[in-house]
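Visitor: Could you have a look at this structure, given as structure tokens, before my questions?
The values are calculated or read from the model by the stated rules, or taken from the named source; none is laboratory data. All figures in this text were calculated on a predicted structure; none of them were measured in a lab. So basically every Cβ, Gly included, is an ideal-geometry build from the backbone, and we count neighbours across all protein chains shown. Remember, those area values only see protein heavy atoms, side chains included, never the ligands or the DNA or RNA. Shrake-Rupley method; radii C 1.70, N 1.55, O 1.52, S 1.80 Å.
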Amino acid sequence: MPNCRVCGENLREFLDFGSQPLSDAFRRPADPGDEFFFRLAVGSCTSCSMVQLMEEVPRDRMFHHDYPYHSSGSSVMRKHFERTARDFLETELAAPDSFAVELGCNDGIMLRTIGDAGRRHLGVEPSGGVAEIARANGVRVRTDFFEHSVAVDIHREDGPANVIYAANTMCHIPYAESIFEGVAALLAEDGVFVFEDPYLGDIVKQTSFDQIYDEHFYFFSVRSVQALARRFGFELVDVERLPVHGGEVRYTIARAGRREPAPSVAELADEELTLGLHEPATLDAFAVRVREIRDELVALLEGLRAQGRTVVGYGATAKSATVLNYCGIGPGLVSSIVDTTPAKQGRVTPGSHIPVRPADTFGEPYPDVALLFAWNHADEIMAKEQAFRAAGGKWILYVPKPRLV
Ligand code: SAM
Ligand code: TMP
Ligand code: ZN
């Protein structure tokens, strides 16, 4: 049994998805059958309460030149990050010579607004393909994994950062110690480290078990982030609930004693206590509901197949890898998946080998039913695909319960 990646104490495993492929390893149909599999299971620390994967996938297997996820594929996310950048420009980055560093800047979705405003900035992005797109967008990028040595290097070249920001990236990084040591080395004395990731409270409440896959190593809560920050001489000074990606929290961290914590921190921590979010019974009940969703979703799809109805997936998300492989769903139940990401099109999904085709072929012809894997973008997608429903089509959503809508 591995120990907690943050504090070294014991982990209590509460859910095992069995053998799973890399969620973003979309394959060419002719690729040889040597896929990488690992055991996907989650546990919580009996001491610091951090929820985390039981097994770690080597980072270079996930984040490399061909990492297919492009952040700018969603108009809602483009607006979200533009607003985030504008907020920073009015607050932490108001001074003309201030400096922002972003970990996991991807295609530059956030930093381009900072760059357009003429602020000093640097994205640190190990995935070379998306880093090149960011550069083409005028963003300054270093193609590297952020860690302590890189932070020291940046500090030497550019001086201290007023803001270090990471969206949907901190939860991808098991080596939290090196990250926090790096932040300690790079952050200005009164600077802030801000990160946002899927919130454990929302995952448990909605039973959104598909947030659990190779790249999502940590599932943060106020309580576990407070313990994490304290361990490295920092303090959680603000939290904000965000509606994106199925429910996230933005954590603002400062050097201990530098900023007065906002009331929202204690409020959300109290809510977690009242919910019993970190109680073993709560996490065990979550695992029971996950198994129920699996059984109901498979029964629903088998029923549709028996009626001769066609089912296509919508959004070849990283999340869909867990759903498809855990439920044992292959091309026999979902014939293809449509997606807007060029790097995923013409490939097959990892493990389950369902063909991915361009989203603009969705209506050629419309299926009877579309299984919405990108449920976190439901409003955006359903608004865009109104003609599908008008043609008699139905959507399947599977969290918190499988249903046709
Ligand atoms: N920030 C973007 C967003 O929210 O849409 C991208 C999120 S993407 C899910 C995670 C990104 O983190 C990937 O582009 C990956 O290459 C990057 N990443 C992984 N490990 C990293 C590290 N140690 N330092 C910086 N970026 C990292
Ligand atoms: P995400 O849930 O990790 O953001 O991934 C969303 C996936 O869904 C990504 O592969 C792009 C795809 N997608 C579409 O195909 N159409 C859309 O309108 C949106 C918003 C996403
Ligand atoms: Zn721990």
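Visitor: Looking at the stretch 97-122 only, could you name the residues that are outside any strand (DSSP E or B), free of Cβ contacts under 8 Å to residues at least 24 places away in the same chain, of a type outside the set (Asp, Glu) and within 17 Å of residue 187 (Cα to Cα)?
Guide: Matches in the stretch 97-122: none.
Visitor: Let me ask something additional. Which count do you get for residues in the stretch 123-133 that are among the hydrophobic types (A, V, I, L, M, F, W, C) and either under 17 Å from residue 194 (Cα atoms) or in a strand (DSSP E or B) (or both)?
Guide: Taking the stretch 123-133 as the starting set, the residues that turn out to be among the hydrophobic types (A, V, I, L, M, F, W, C) are 124, 130-131, 133.
Now restrict to residues that are either under 17 Å from residue 194 (Cα atoms) or in a strand (DSSP E or B) (or both): 124.
Of the residues in the stretch 123-133, 1 are among the hydrophobic types (A, V, I, L, M, F, W, C) and either under 17 Å from residue 194 (Cα atoms) or in a strand (DSSP E or B) (or both).
Visitor: Here's another thing I want to ask about it. Can residue 350 be described as open to solvent by less than 10 Å² (accessible area, probe 1.4 Å), within 21 Å of residue 26 (Cβ to Cβ) and assigned to a loop (DSSP other than H, G, I, E, B)? Give the steps one after another, and end with the answer.
Guide: Details: open to solvent by less than 10 Å² (accessible area, probe 1.4 Å): yes; within 21 Å of residue 26 (Cβ to Cβ): yes; assigned to a loop (DSSP other than H, G, I, E, B): yes.
Against the criterion (open to solvent by less than 10 Å² (accessible area, probe 1.4 Å), within 21 Å of residue 26 (Cβ to Cβ) and assigned to a loop (DSSP other than H, G, I, E, B)), residue 350 qualifies.
Visitor: Quick one: is residue 127 closer than 20 Å to residue 245 by Cα, of a type in the set (S, T, N, Q) and open to solvent by less than 40 Å² (accessible area, probe 1.4 Å)? So that I can check it myself, show each step before the final result.
Guide: On the way: closer than 20 Å to residue 245 by Cα: no; of a type in the set (S, T, N, Q): yes; open to solvent by less than 40 Å² (accessible area, probe 1.4 Å): yes.
Against the criterion (closer than 20 Å to residue 245 by Cα, of a type in the set (S, T, N, Q) and open to solvent by less than 40 Å² (accessible area, probe 1.4 Å)), residue 127 does not qualify.
Visitor: Within the stretch 81-89, identify whether any single residue is of a type outside the set (Lys, Arg), closer than 26 Å to residue 133 by Cα and within 18 Å of the chain's Cα centre (by Cα), and answer yes or no.
Guide: First pass over the stretch 81-89, keeping only residues of a type outside the set (Lys, Arg): 81-82, 84-85, 87-89.
Then keep just the ones that are closer than 26 Å to residue 133 by Cα; that gives 81-82, 84-85, 87-89.
Still in the running and within 18 Å of the chain's Cα centre (by Cα): 81, 84.
Within the stretch 81-89, one or more residues are of a type outside the set (Lys, Arg), closer than 26 Å to residue 133 by Cα and within 18 Å of the chain's Cα centre (by Cα).
Visitor: Just checking, which of 223, 309, 294, 258 is part of a helix (DSSP H, G or I), open to solvent by 40 Å² or more (accessible area, probe 1.4 Å) and in contact (Cβ under 8 Å) with a residue 60 or more places away in the chain? Break it down into steps so the answer makes sense when it comes.
Guide: Working: 309 fails: part of a helix (DSSP H, G or I); 294 fails: in contact (Cβ under 8 Å) with a residue 60 or more places away in the chain; 258 fails: part of a helix (DSSP H, G or I).
Residue meeting the stated conditions: 223.
Visitor: Scanning the stretch 87-96 for residues that are touching a residue at least 12 places away in the same chain (Cβ under 8 Å) and assigned to a helix (DSSP H, G or I), which turns out nearest to ligand 1 (Cβ to nearest atom)?
Guide: Initially, the stretch 87-96 is screened for residues touching a residue at least 12 places away in the same chain (Cβ under 8 Å), giving 88-89, 92-93, 95-96.
Checking which are assigned to a helix (DSSP H, G or I) leaves us with 88-89.
Values: 88: 14, 89: 18 Å.
In this case the residue turns out to be 88.
Visitor: Mind checking which residues of the stretch 1-26 are within 30 Å of residue 346 (Cβ to Cβ) and either more than 21 Å from the chain's Cα centre (by Cα) or within 16 Å of ligand 1 (Cβ to nearest atom) (or both)?
Guide: Filtering the stretch 1-26 for residues within 30 Å of residue 346 (Cβ to Cβ) gives 17-26.
Those that are within 30 Å of residue 346 (Cβ to Cβ) and either more than 21 Å from the chain's Cα centre (by Cα) or within 16 Å of ligand 1 (Cβ to nearest atom) (or both): 22, 23, 24, 25, 26.
Per-residue answers, yes or no, for (1) in a loop (DSSP other than H, G, I, E, B); (2) over 22 Å from residue 300 (Cβ atoms); (3) in contact with a Cys (Cβ under 8 Å, 6 or more places away or on another chain):
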site	(1), (2), (3)
316	yes, no, no
326	no, no, no
377	no, no, no
380	no, yes, no
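Visitor: To continue, here is another question. Among the numbered conditions (1) in the same structural domain as residue 151 (by TED's automatic domain parsing); (2) open to solvent by 70 Å² or more (accessible area, probe 1.4 Å), tell me where residue 81 comes up short.
Guide: Checking residue 81 against (1) in the same structural domain as residue 151 (by TED's automatic domain parsing); (2) open to solvent by 70 Å² or more (accessible area, probe 1.4 Å), the one that fails is (2).
Visitor: Looking at (1) over 14 Å from the mean Cα position of the chain (by Cα); (2) outside any strand (DSSP E or B), find the lone condition where residue 203 falls short.
Guide: Only one criterion is unmet by residue 203, namely (1).
Visitor: If you go through the stretch 103-115, how many residues are open to solvent by 20 Å² or more (accessible area, probe 1.4 Å) and within 18 Å of residue 155 (Cβ to Cβ)?
Guide: 0
Visitor: Report, by residue number, each residue of the stretch 94-151 that is aromatic (Phe, Trp, Tyr) and within 23 Å of the chain's Cα centre (by Cα). Show your work before the answer.
Guide: Applying the first criterion (aromatic (Phe, Trp, Tyr)) to the stretch 94-151 yields 99, 145-146.
145, 146 - these are the residues of the stretch 94-151 that are aromatic (Phe, Trp, Tyr) and within 23 Å of the chain's Cα centre (by Cα).
Visitor: Consider only pairs whose beta carbons are under 7 Å apart and that are at least six residues apart or on different chains; among these, list those whose first residue lies in the stretch 56-79 and is within 11 Å of ligand 1 (Cβ to nearest atom) and whose second residue is open to solvent by 70 Å² or more (accessible area, probe 1.4 Å).
Guide: From residues that are within 11 Å of ligand 1 (Cβ to nearest atom), the pairs are 72/78; 73/340.
Visitor: Pairs needed: first member in the stretch 329-355, over 12 Å from residue 314 (Cα atoms); second member anywhere, of a type in the set (Asp, Glu) and crowded, with 16+ Cβ neighbours inside 10 Å; C-beta distance under 9 Å; at least 6 residues apart or different chains.
Guide: Once the first residue is over 12 Å from residue 314 (Cα atoms) and sits in the stretch 329-355, its partners that are of a type in the set (Asp, Glu) and crowded, with 16+ Cβ neighbours inside 10 Å give 344/24; 345/339; 350/24.
Visitor: What about residue 252, is it in contact (Cβ under 8 Å) with a residue 60 or more places away in the chain and among the polar types (S, T, N, Q)?
Guide: yes
Visitor: Still on this structure, please answer the following. For residues that are touching a residue at least 60 places away in the same chain (Cβ under 8 Å), part of a loop (DSSP other than H, G, I, E, B) and away from ligand 2 (no atom under 16 Å from the Cβ), scanning just the stretch 1-41, find the one that is most open to solvent (accessible area, probe 1.4 Å).
Guide: 28
Visitor: Quickly run through the stretch 368-383 and pick out the residues that are touching a residue at least 60 places away in the same chain (Cβ under 8 Å) and open to solvent by less than 20 Å² (accessible area, probe 1.4 Å).
Guide: Across the stretch 368-383, the qualifying residues are 369, 371, 373, 374, 381.
Visitor: Also: For residue 44, state whether it is of a type outside the set (A, V, I, L, M) and open to solvent by less than 70 Å² (accessible area, probe 1.4 Å). Please lay out each step first, then the result.
Guide: Details: of a type outside the set (A, V, I, L, M): yes; open to solvent by less than 70 Å² (accessible area, probe 1.4 Å): yes.
When the stated conditions are applied, residue 44 passes them.
Visitor: Test residue 364 against the stated conditions and say whether it is part of a helix (DSSP H, G or I), surrounded by fewer than 23 Cβ atoms within 10 Å (Cβ to Cβ) and at pLDDT 95 or above.
Guide: no
Visitor: More than 23 Å from residue 353 (Cα to Cα), surrounded by fewer than 19 Cβ atoms within 10 Å (Cβ to Cβ) and of a type outside the set (Val, Ile, Thr): does that describe residue 100?
Guide: Values: more than 23 Å from residue 353 (Cα to Cα): yes; surrounded by fewer than 19 Cβ atoms within 10 Å (Cβ to Cβ): no; of a type outside the set (Val, Ile, Thr): yes.
So residue 100 fails the test.
Visitor: In addition: Considering each residue of the stretch 151-166, count those that are closer than 25 Å to residue 248 by Cβ and open to solvent by 10 Å² or more (accessible area, probe 1.4 Å), and give that number.
Guide: Pass one, the stretch 151-166, residues closer than 25 Å to residue 248 by Cβ: 151, 161-166.
So of that shortlist, the ones also open to solvent by 10 Å² or more (accessible area, probe 1.4 Å) come out as 162.
Matching residues across the stretch 151-166 total 1.
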